[in-house]
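Data block below; observations after.
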Amino acid sequence: MPQPNLKGCCWGLTNLTGLSAPVGARSARHRMRPGVLPGKVSGISVTAHVRDPRNSRRRCVVSGKMPGMEKQESPAAAVSAFQELGSELASAGVVMGKMFGASSLMLDKKALACLNGDKVVFKLGKDTAEHARALAIPGAVLFDPSGMNRPFKDWVEVPYGSHTEWPAFAEAALRFVAGG
């Protein structure tokens, strides 16, 4: 049996699997039996239901990995360019941190950018000019960490091929996250 590396409750798994509550039932949660989950998700299974000792609620022990959630290795050039971004923004209070298991730039514990393989993901705000400009770059897409066609609408992945644009997007992300 695989080691559990994703723990959660059936509550969140109902959306992932496409299951819905039977007619007359309050919800589909805790209707899943141990075994491989049906529906859209493959590679995930419910291994057991347990009682949470803190509040006596039923919880699922889930094994497997979400599709698309594998960590992408970053080439040295992308890492170097990303670290340079961090040092340029350090005077504004930006520090290096972690988001989705990847290196990220944080302002007051809020992420404004993260390195994802050879791309940097910037939080630009979906209705901003910078967001539209970033999406116009060849290879740039909305960030979809789950790989299930449910992108984060404020976040844009900009490829390394456009790394000369990264500082401008980092400044825009800083303004967006700072609220100005």
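Bear in mind these aren't lab numbers, they're just calculated from the coordinates by the rules spelled out. What you see is a predicted model; the values in this text were computed from it and never measured. All Cβ positions, glycine included, derive from the backbone under ideal geometry; neighbour counts span all protein chains shown.
In this label model, S87 and S146 are separated by 3.9 nm, measuring between points 7 Å along each Cα→Cβ vector. Working from label points 7 Å from Cα in the Cα-to-Cβ sense, the K153 to D108 distance is 2.4 nm. Each of the peptides 127-134, 146-153 was scored by the mean count of other Cβ atoms within 10 Å over its residues; in descending order, highest first, they stand as 127-134, 146-153.
Modelled this way, with points 7 Å down the Cα-to-C-beta line, the labels at K98 and A76 are 2.5 nm from one another.
Amide H to amide H distances under 5 Å link F143 with F152, W155, V156, E157, where only residues 5 or more positions off or on other chains count and H is placed in the peptide plane.
Across the stretch 119-126, rounded Karplus estimates of 3J(HN,Hα) from the backbone phi angles (6.51 cos²θ - 1.76 cosθ + 1.60, θ = phi - 60°) give 10, 10, 9, 10, 8, 10, x, 5 Hz, Gly and Pro being marked x.
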